[in-house]
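Here is the structure we will look at, set down as structure tokens.
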Amino acid sequence: MHACPMQGPAAWPPAVIVHGMDHVRVVLQHGRPVTLLSAPGAAGALGAPGFLALLRAGGWNGGTPALLDCGAAPGLALGALLAGVPAVVLGPSPAQAGLLALHPGRIRPIAPPALDMAAWNPKRGTSWIEAWLANRDG
């Protein structure tokens, strides 16, 4: 089961792009509100089941918002929503307006500003992640 979709841009916690279960685990260990975001266009490579599996393997239980970036592919976005992904990023496409109306609060037209965990080095620690989340808390 996934968390209720967040309404309006101000309601979404700070976003962090996660590329693997270790990233999810490290981000969640801070205990701060966070939005777990896939890499740009990840729905085309990872798919909804892969994204959900990555999140769950990292300890995600649905209580934290998660966004799968579907690029401009409305079919991938709809499939992800139906598969249980809490929310998606869907870029401009002819079907975008219709999907936004059918799934209010579950589709974002652009990805939020995010800290990309691809730059994370475990030797560097996690204080920079904490600083990102703390500086973006409302």
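The values are calculated or read from the model by the stated rules, or taken from the named source; none is laboratory data. None of the values given here were measured: they were computed from a predicted structure. Neighbour counts run over all protein chains shown; Cβ positions are idealised from the backbone, glycine included.
Please state which one of Leu68, Leu76, Leu28, Leu46 is more than 26 Å from Ile129 (Cβ to Cβ) and aliphatic (A, V, I, L, M).
Leu76
Conditions first: (1) within 16 Å of Arg106 (Cα to Cα); (2) surrounded by fewer than 17 Cβ atoms within 10 Å (Cβ to Cβ); (3) in contact (Cβ under 8 Å) with a residue 60 or more places away in the chain. Gly75 passes all but one, so which condition is the exception?
Result: Gly75 passes all but (3).
Can you tell me which residue in the range 95-121 is surrounded by the most Cβ atoms within 10 Å (Cβ to Cβ), limited to those that are free of Cβ contacts under 8 Å to residues at least 12 places away in the same chain and more than 15 Å from Leu81 (Cα to Cα)?
Ala97
Out of all the residues in the range 24-49, which are assigned to a loop (DSSP other than H, G, I, E, B), of a type in the set (Gly, Ala, Ser) and at pLDDT 95 or above?
Listed by number, the residues that qualify are Ser38, Ala39, Gly41.
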